[in-house]
1. Among (1) more than 15 Å from GLY40 (Cα to Cα); (2) small (Gly, Ala, Ser); (3) at pLDDT 95 or above, where does SER127 come up short?
2. Inside the range 104-126, can you point out the residues that are touching a Gly at 6+ places or on another chain (Cβ under 7 Å) and outside any strand (DSSP E or B)?
3. Filter the range 55-97 for residues that are assigned to a loop (DSSP other than H, G, I, E, B) and under 16 Å from the mean Cα position of the chain (by Cα) and give the result.
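The values are calculated or read from the model by the stated rules, or taken from the named source; none is laboratory data. Keep in mind that this is a model prediction, so the values were computed, not measured. Using ideal geometry, Cβ is built from the backbone for each residue, glycine included, and neighbour counts are taken over all protein chains shown.
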Amino acid sequence: MHKHFTATLAAGLLLLGSSAWAHHPFGAEYDSRRPAHLHGIVTKVEWTNPHAFLIIDGKADGDRSEHWKVELGNPGALSNRGWKRRSLRAGDEVTVRGWFARGHHAQINAKTVKLESTGTEFDAASSFYAARDTDKGPQRSGN
């Protein structure tokens, strides 16, 4: 019984540790002093934990067109802000506002994502706000 408990505890700590390792604070990867503005076409939507991602072919701040990885919040936080799994699809034209990554070329943490065909602007549940974010229920950004 004691061996089983110890093994279960060790496995739980291992999983907890790997989960914490995979998640990062905003400041470790993104620069809040480098705002980004990206316009392009969604090529892929990854609805995954601990963060969802958009892959977008487009231009950020007027530079040349590139293949961008855009980090969103986790699926639960996105759902609380009005997102659905199919809110965005490959082929959709979007504008993203957020912040550039520190060391990764062509990566952005999104603050908002605007679907150009409808004008709908979604709050991207950025980890920038995680320290002070509480569950405020469904919301869309007005910015």
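1. (3)
2. Listed by number, the residues that qualify are ALA124, ALA125, SER126.
3. Kept after step one, since they are assigned to a loop (DSSP other than H, G, I, E, B), are these residues of the range 55-97: 61-65, 72-74, 81-92.
Listed by number, the residues that qualify are LEU72, GLY73, ASN74, ARG81, GLY82, TRP83, LYS84, ARG85, ARG86, SER87, LEU88, ARG89.
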